[in-house]
Amino acid sequence: QVQLVESGGGLVQAGGSLRLSCAASGPTFSRYAMGWFRQGPGKERESVAAIAWNGGSKYYADSAKGRFTISRDNAKSTVSLQMNSLKPEDTAVYYCAAATTLRLVTTAGAYDYWGQGTQVTVSQ
């Protein structure tokens, strides 16, 4: 069982930056692929970024490419999402997720554990 706790959300103006962090419990963090998802008001949950167990493979949604960076620190059992040049359309609840696989996964159904989410609000 993995427990995930996100932090770092908040209110930021368009063009600003935020860094989301996700802390995982348990000693086997390096055995999980990790991902960030988001769900905006009235929208379905969507993948934002994902990273394989060793950070060697990464995925970004088109909306995140060039602006967001996913990284992980297996020694600290954390995964982060650096978000730059934020836009109002990035407003959403952001979720951290873990999948019991070493490979890169991008679909929500492949993830086994989810955090509670952290709100990101980008104002005009």
(Q) Step by step: first the residues of region 22-68, then only those that are polar (S, T, N, Q), open to solvent by 40 Å² or more (accessible area, probe 1.4 Å) and not in a loop (DSSP other than H, G, I, E, B), then the one that is nearest to W114 (Cα to Cα). Which residue is that? (A) Q39
Q: Of the conditions (1) part of a loop (DSSP other than H, G, I, E, B); (2) open to solvent by 50 Å² or more (accessible area, probe 1.4 Å); (3) touching a residue at least 24 places away in the same chain (Cβ under 8 Å), R19 clears all except one; give me its number.
A: (1)
(Q) Quick check on G109: is it of a type outside the set (S, T, N, Q) and farther than 26 Å from Q124 by Cβ? (A) yes
Q. Can you tell which of T121, T106 is among the polar types (S, T, N, Q) and not in a strand (DSSP E or B)?
A. T106
**Q.** The lone exception for A108 - which of (1) in contact with a strand residue (DSSP E or B) (Cβ under 7 Å, 6 or more places away or on another chain); (2) crowded, with 18+ Cβ neighbours inside 10 Å; (3) touching a residue at least 40 places away in the same chain (Cβ under 8 Å) it fails
**A.** (2)
Q: Just name the residue that is nearest to Y32 (Cα to Cα) out of those in region 46-75 that are charged (D, E, K, R) and in contact (Cβ under 8 Å) with a residue 12 or more places away in the chain.
A: R72
Q. Yes or no: S63 of a type in the set (S, T, Y) and more than 13 Å from the chain's Cα centre (by Cα)?
A. yes
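The values are calculated or read from the model by the stated rules, or taken from the named source; none is laboratory data. Predicted model only: the values in this text are computed from it and were never measured. Don't worry about glycine lacking a Cβ; one is built from the backbone with ideal geometry, like all the others, and counts go over all protein chains shown. Each accessible area value is taken on the protein alone, full model and side chains, heavy atoms only, with ligands, DNA and RNA left out. Shrake-Rupley method; radii C 1.70, N 1.55, O 1.52, S 1.80 Å.
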